[in-house]
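Below is one structure, written out as structure tokens, with a few remarks after it.
The values are calculated or read from the model by the stated rules, or taken from the named source; none is laboratory data. Since the structure is predicted, the reported quantities are computational estimates derived from the model, not experimental observations. Cβ placement follows ideal geometry from the backbone for every residue including glycine, while neighbour counts extend to all protein chains displayed. Note: accessible area is taken over every heavy atom of the protein model, side chains too, but ligands, DNA and RNA are not part of it. Shrake-Rupley method; radii C 1.70, N 1.55, O 1.52, S 1.80 Å.
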Amino acid sequence: MQSSWMIELQRLCLTLLFFGLTGWVFDRPFLGFALALFGYAAWTLWHMRALESWLSAGGHDETPDSSGFWGVLFDAINRLRKQQRSEQHRWQSAYEHVQDSFRALNDGVVLINPHGLIDWMNPASEYLLGFDPARDRGTQLTNLLRDPVFIAYFEAGDYSEPLHMVSPVSGTIKLEIQLTVFGQGNRLMFARDVTRLQQLEQMRKDFVANVSHELKTPLTVISGYLETLSQTELAAEPRWSKAFDQMNSQAVRMRHLVDDLLLLSRLESLPRANNDTIYLAALLRDVMHEIGVAFPGRVIALQCDDAVTVQGSTMELHSAFLNLLTNACKYTPKEKAVSVQVERLQDGCLAVRVKDEGAGIDVRHLSRLTERFYRVDDSRFSETGGTGLGLAIVKHALMRHDAQLLIESRVGEGSIFSCIFPADRVGA
Ligand code: ADP
């Protein structure tokens, strides 16, 4: 481009020189220059007009033929156009490829523009959400999915957790909705059929609840006979006494296991926690009283304002705090401190912290502690006789109060189990 520009300059200079000299021969040098400039201006204007009419025709045809500087300019425009076309083609095929993949998915996929209008949808969204691609493109999504829970979720803009809802097509189809924001406020919605998963989950819950319930009666009978037999002379005989002790302790353990399983099932199946006004200090004192019976001589320090209240279920929170304090006492030597501190946080939330200076837990176990039957150390577990369900119960009870369980721990230094209640459940 640079060299063609120089050639063009040279060509103009030579033309001016030639016409200037010719004019000078006829004693009219300025007329010669004027004719040369006029000719050059006419030639340039002709090309400018050709470029202008090519652009106003949309620039789809080939650029006009030309030589010299204009020829080079038109070639460069042609080259750029070709590049742009192949780039466009590449994007188009990538876009079609993504659309084909979405079309092949069994999950419903819907593209929503920043104004909340549907831009595109795949065939699965027809039978999962009842959408019609021909009719519903360009329609406001919330006019088609009118469930108030969905509208609130869609408009809130916090899509960190998926939404579970019933399909508008049929009440028997359960959907999991996941939204993602991309680009300048566009949204991508995935609707997944989780009917079968939810059925399996329900079957699991029912199975555990039924088995636990069915085990309760035979266990009560066995424990009753054991208790009666333990008071006879037979149990006092040295060769039987150890067996009776073991049978009794295993029966107690099984009873705890069944009770914990039943409690967990109840926590999973009941809709939401009650809304009693619970005075935390009083509730924690009740729990500490029970701990005093199970761990005689254990001193627990309590820091809690008597007026602090939480909205929730007394039974569920009692059970959560009892489990946390039981663990603190179980895994902490008697001479080390265990304490409970209730503290109002800056954002209005409330933290109930159960602290101990006991064995502590290695950081690699922390994320799995609330899983059912997860044990840090089997030998420690068998010594302490826990069911492995305590922290799962705590987590479920807190979840039903929109609260969170945070665990901090260091091996050899102790642990802090913090229950964080949201501001709207806290009073005084
Ligand atoms: P378990 O009935 O075994 O106590 P949990 O669900 O209550 O079951 O606790 C799970 C595991 O977490 C326990 O087996 C124990 O290893 C560990 N753990 C819980 N609380 C503490 C604590 N305060 N200090 C040390 N380890 C703890």
Spot the failing condition for R410; the list is (1) closer than 30 Å to S249 by Cα; (2) within 11 Å of the ligand (Cβ to nearest atom); (3) surrounded by fewer than 21 Cβ atoms within 10 Å (Cβ to Cβ), and only one is missed. (1)
Does L302 satisfy being of a type outside the set (S, T, N, Q), assigned to a strand (DSSP E or B) and modelled with pLDDT of 95 or more? yes
Given the conditions (1) near the ligand (Cβ under 9 Å from one of its atoms); (2) open to solvent by 80 Å² or more (accessible area, probe 1.4 Å), every one holds for K336 apart from (1)
Considering residues that are under 22 Å from L270 (Cβ atoms) and within 11 Å of the ligand (Cβ to nearest atom), the number found within the range 413-428 is 0
Determine whether D100 is in a helix (DSSP H, G or I) and not hydrophobic (A, V, I, L, M, F, W, C). yes
Got a number for residues in the range 119-136 being touching a strand residue (DSSP E or B) at 6+ places or on another chain (Cβ under 6 Å) and closer than 16 Å to Q99 by Cβ? 8
Return only the number of the condition from (1) crowded, with 19+ Cβ neighbours inside 10 Å; (2) closer than 21 Å to A403 by Cβ that M315 does not satisfy. (1)
Exactly one of S241, S269, S265 is open to solvent by 60 Å² or more (accessible area, probe 1.4 Å) and of a type in the set (S, T, Y), and that one is S269
Name the strands (runs of 3 or more DSSP E) wholly inside the range 153-226 in which the number of residues that are charged (D, E, K, R) and open to solvent by 60 Å² or more (accessible area, probe 1.4 Å) is 2 or more. 186-193
Exactly one of F74, F69 is in contact (Cβ under 8 Å) with a residue 40 or more places away in the chain and part of a helix (DSSP H, G or I), and that one is F69
Regarding E62, is this residue among the acidic types (D, E), open to solvent by 70 Å² or more (accessible area, probe 1.4 Å) and modelled with pLDDT of 90 or more? no
